[in-house]
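One structure, as structure tokens, below. Some questions next.
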Amino acid sequence: MKKLRFAIAGLGRIGKIHLDNLLKVNNVEVVAVMDPLEASQQYARKRGIAFVVDTYEELLKVTPFDSVVICSPTDTHADYVELAAKEGINIFCEKPLDLSLSRVNQVIKTINETNVKLMLGFNRRFDKEFKKVQQLVKNGAIGQPHIVKITSRDPGAPPISYIEKSGGLFLDMTIHDFDMSRFIVEKEVEEVYAKGTVLVDPEIGAAGDIDTAVITLTYTDGTMAIIDNSREAAYGYDQRIEVFGSKGMVQANNNFHDSHRLYNSKGMQAALPLNFFLERYEAAYRTEMSEYINSLENNCPIPVDGNDGLQSLKIGLAAIKSLKEKRPVKVNEII
């Protein structure tokens with residue numbers, strides 16, 4: 001079988017994860033990497049990458065390849081996706097496509113016109129625990145879903161310099177939860193009501209963002225979801241989900257460093273949850289890329305496409321509007 005030739009644009013934390021995972025796939029060859037930083041270039045060279053370049057324009061010219069994995073800063077995603085699509089190159093892009101709804105619509109139009117494949121990096125869909133919940137809900141194990149509860153709390157806030165360019169809590173962090181809210185019950189969100197404040201770090205507020213939020217979503221059939229977020233959980237990376245329905249309930253809980261339980265006269269002691277998203281979703285990143293490769297090889301539908309990114313962005317923008325205007329906001333107000 002002919003190997004798929006991949007290139008990677010951006011070799012930060014996520015880029016390195018995808019590079020190392022792709023290098024372990026038998027039917028894939030990583031032929032080129034782009035990153036302006038010397039340390040990242042050295043990382044690629046040590047792993048035997050033949051072409052290591054400074055710019056995306058150079059990447060598109062150095063050697064033919066079948067797919068590009070875009071892990072560069074958010075403000076480059078839309079341009080890089082369009083440039084690759086116009087060259088007939090399939091694309092895996094980390095979320096979001098862009099922070100502007102009109103720009104995302106333009107990109108999707110380009111994808112449709114060029115007929116290339118585009119997959120968005122919503123990695124949580126590929127976590128085995130969350131996938132199990134989704135499958136059980138889909139198969140009717142809990143009857144008709146009534147309430148979805150999603151907890152997503154980071155172990156620590158990112159640097160202020162990152163927050164200033166991220167689009168804020170709802171478009172950077174909660175957007176994963178907005179995607180999960182659609183995925184886990186296969187329903188569309190109609191209305192968003194968001195409340196948020198600054199409880200972790202006053203500098204986050206000074207940067208124009210919040211660090212703590214509760215969001216209520218109403219689906220088109222009237223069922224609801226509740227999301228709670230915090231930029232800082234003292235005990236580790238807290239990622240849980242629950243779906244309550246007419247015949248029961250299904251939950252997926254945190255992953256822990258180990259499963260020990262110590263019982264003594266003082267009580268019970270257990271390990272804390274994993275402390276970073278790269279650890280928590282290590283296997284999910286591998287599964288995500290494996291499914292993307294399968295879509296390319298067998299011309300299967302992409303599991304997370306541009307429309308999924310568009311819908312999550314709309315929910316995020318509705319949450320921002322709701323927070324600002326202190327009222328529930330219909331998703332169809334976001335145009």
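What net charge do the residues around Ile241 carry, taking every other residue with its C-beta under 15 Å from that of Ile241, with Lys and Arg at +1 and Asp and Glu at -1?
Details: positive: Arg124, Arg125, Lys128, Lys131, Lys132, Lys138, Lys149, Arg153, Arg182, Lys187, Arg240, Arg280; negative: Asp127, Glu129, Asp177, Asp179, Glu186, Asp228, Asp238, Glu242.
Net charge around Ile241: +4.
Whenever you get a sec, compute what percent of the accessible area on the stretch 8-79 sits on carbon and sulfur atoms (1.4 Å probe). List each step's numbers first, then the result.
Details: 1730 of 3290 Å².
So the carbon and sulfur contribution to the accessible surface is 53 percent.
If you stretched the chain out fully between Leu136 and Glu87, how much longer would it get, using 0.36 nm times the residue separation minus the C-alpha to C-alpha distance? Working shown, then result.
Numbers: separation 49, 0.36 × 49 = 17.64 nm, distance 4.06 nm.
My answer for the length gained is 13.6 nm.
With label points built 7 Å along Cα→Cβ from the Cα atoms of Arg13 and Ser259, find their separation and express it in nm.
Reported label-point gap for Arg13 and Ser259 is 2.8 nm.
Could you give the angle, 0 to 90 degrees to the nearest 10, between helix 174-185's Cα long axis and the longest principal axis of the Cα atoms of the chain?
It is inclined by approximately 80 degrees.
Let me ask something additional. Would you grab the residues whose amide H sits under 5 Å from the one on Val304? Only those 5+ places off in sequence or on another chain, please, with H modelled 1.01 Å from N.
Placed amide hydrogens put Leu120 under 5 Å from Val304.
Turning to a different aspect of this structure: Does the stretch 44-113 come out rounded, prolate or oblate, given a ≥ b ≥ c as the square roots of the eigenvalues of its C-alpha gyration tensor, rounded meaning a/c under 1.5 and, failing that, prolate meaning a/b above b/c?
On the way: a/c = 2.54, a/b = 1.71, b/c = 1.49.
Prolate, because a/c is 1.5 or more and a/b exceeds b/c.
Counting only protein heavy atoms, what percent of the accessible surface of the stretch 220-330 is carbon or sulfur at a 1.4 Å probe?
Values: 2930 of 5770 Å².
After summing per-atom areas, the C and S share lands at 51 percent.
Moving on to the next point. What are the principal axis extents of the Cα atoms in the stretch 1-148, in Å, biggest first?
54, 35, 32
Compute the normalised compactness of the stretch 1-83: alpha-carbon radius of gyration over 2.2 N^0.38 Å, N being the residue count.
Values: Rg = 11.7 Å, N = 83, 2.2 N^0.38 = 11.8 Å.
Rounded to two decimals, the normalised Rg is 0.99.
Would you mind getting the accessible area per residue of the chain, heavy atoms of the protein chains only, 1.4 Å probe, in Å²?
Working: 15800 Å² over 335 residues.
Per residue, the chain has 47 Å² of solvent-accessible surface.
Which of the three applies to the stretch 182-244, rounded, prolate or oblate, going by the alpha-carbon gyration tensor with a ≥ b ≥ c and a/c under 1.5 meaning rounded?
Details: a/c = 3.44, a/b = 1.72, b/c = 2.00.
Oblate shape, in that a/c is at least 1.5 and b/c is the bigger or equal ratio.
Hey, how many Å between the Cα centroid of the stretch 240-304 and the Cα centroid of the stretch 161-181?
Centre-to-centre (Cα) distance: 20 Å.
Could you calculate the FRET efficiency of Lys330 with Ala206 from 1/(1 + (r/R0)^6), where r is the beta carbon distance between them and R0 is 41 Å, rounded to 0.05?
Working: r = 31 Å, r/R0 = 0.76.
The calculated FRET efficiency here is 0.85.
Where Lys and Arg each count +1 and Asp and Glu each count -1, what net charge lies around Glu29 among other residues with Cβ under 9 Å from its Cβ?
Numbers: positive: Lys3, Arg5; negative: none.
Value of the local net charge: +2.
For the chain, set up a Gaussian network in which alpha carbons nearer than 10 Å are linked by springs, and say which option among Gly88, Gly306, Gly248 fluctuates the most.
Of the options given, Gly248 has the highest mean-square fluctuation.
Tell me, what HN-Hα J-couplings in whole Hz come from the Karplus equation 6.51 cos²θ - 1.76 cosθ + 1.60 at θ = phi - 60° for each residue of the stretch 25-32, using x for Gly and Pro?
8, 4, 9, 10, 10, 8, 9, 7
How much length is gained on full extension from Leu23 to Gln144, taking 0.36 nm per residue of separation minus their Cα-Cα distance? Walk me through the intermediate numbers first.
On the way: separation 121, 0.36 × 121 = 43.56 nm, distance 4.26 nm.
Going from the current span to full extension adds 39.3 nm.
Next up: Please figure out what share of the DSSP beta bridges in the chain is antiparallel and state it in percent, rounded to the nearest 5. Intermediate results must be reported in sequence, preceding the final value.
Numbers: 35 of 62 bridges.
Antiparallel bridges: around 55 percent, rounded to the nearest 5.
For the stretch 130-190, with all protein chains present and a 1.4 Å probe, just round the carbon and sulfur fraction of the accessible area to a whole percent. Numbers along the way, then the final one.
Numbers: 1200 of 2470 Å².
Reported share for carbon and sulfur atoms: 49 percent.
Now for a different question. For the stretch 221-226, just list the computed ³J(HN,Hα) in residue order, Karplus coefficients 6.51, -1.76 and 1.60, θ = phi - 60°, integers in Hz, with x standing in for Gly and Pro.
9, x, 5, 10, 9, 10
Between helix 306-325 and the chain, what is the angle of the helix's C-alpha long axis to the longest principal axis, kept within 0 to 90° and rounded to the nearest 10?
50 degrees
Less than 29 Å apart at the alpha-carbon level, and either on another chain or at least 8 residues along: which lysines does that give for Lys46?
Of all the lysines, those that pass the test against Lys46 - Cα under 29 Å, at least 8 places apart if same chain - are Lys2, Lys3, Lys16, Lys24, Lys61, Lys95.
Take the Cα radius of gyration of the stretch 71-210 and divide it by 2.2 N^0.38 Å, with N its residue count; two decimals is plenty. Intermediate results must be reported in sequence, preceding the final value.
On the way: Rg = 17.4 Å, N = 140, 2.2 N^0.38 = 14.4 Å.
Taking N as the residue count of the stretch 71-210, the ratio is 1.21.
Let me check I've understood the local charge: for Thr212, count other residues with C-beta under 12 angstrom from its C-beta, Lys and Arg +1, Asp and Glu -1. What total comes out?
On the way: positive: Arg153, Lys195, Arg231; negative: Asp154, Asp201, Asp209, Asp211, Asp228, Glu232.
With Lys, Arg at +1 and Asp, Glu at -1, the net is -3.
Once you have a ≥ b ≥ c as the square roots of the Cα gyration tensor eigenvalues for the stretch 206-312, tell me rounded if a/c is under 1.5, and otherwise prolate or oblate according to whether a/b is larger than b/c.
Values: a/c = 1.66, a/b = 1.35, b/c = 1.22.
Prolate, since a/c reaches 1.5 and a/b exceeds b/c.
If you don't mind, there's one more thing I want to ask. Once amide H atoms are placed 1.01 Å from N in the peptide plane, what residues at a sequence separation of 5 or more from Glu29, or on another chain, have their amide H within under 5 Å of its amide H?
So Glu29 has HN proximity to Leu4, Arg5, Phe6.
Taking the Cα atoms of the chain, what is the range of coordinates along each of the three principal axes, in descending order and whole Å?
59, 54, 46
What angle, in degrees between 0 and 90 and rounded to the nearest 10, separates the Cα long axis of helix 101-114 from the longest principal axis of the Cα atoms of the chain?
That works out to roughly 50 degrees.
Based on the Cβ-Cβ distance of Lys128 and Gln269, what FRET efficiency does E = 1/(1 + (r/R0)^6) give at R0 = 25 Å, to the nearest 0.05? Write out the running numbers ahead of the final one.
Details: r = 27 Å, r/R0 = 1.07.
For Lys128 and Gln269, the calculated efficiency is 0.40.
The values are calculated or read from the model by the stated rules, or taken from the named source; none is laboratory data. The model shown is predicted, which means the values in this text are computed figures rather than measured ones. Neighbour counts are summed over all protein chains in view; Cβ atoms, including those assigned to glycine, are modelled from backbone coordinates with ideal geometry. Just the protein is used for accessible areas: all its heavy atoms, side chains included, with ligands, DNA and RNA removed. Shrake-Rupley method; radii C 1.70, N 1.55, O 1.52, S 1.80 Å.
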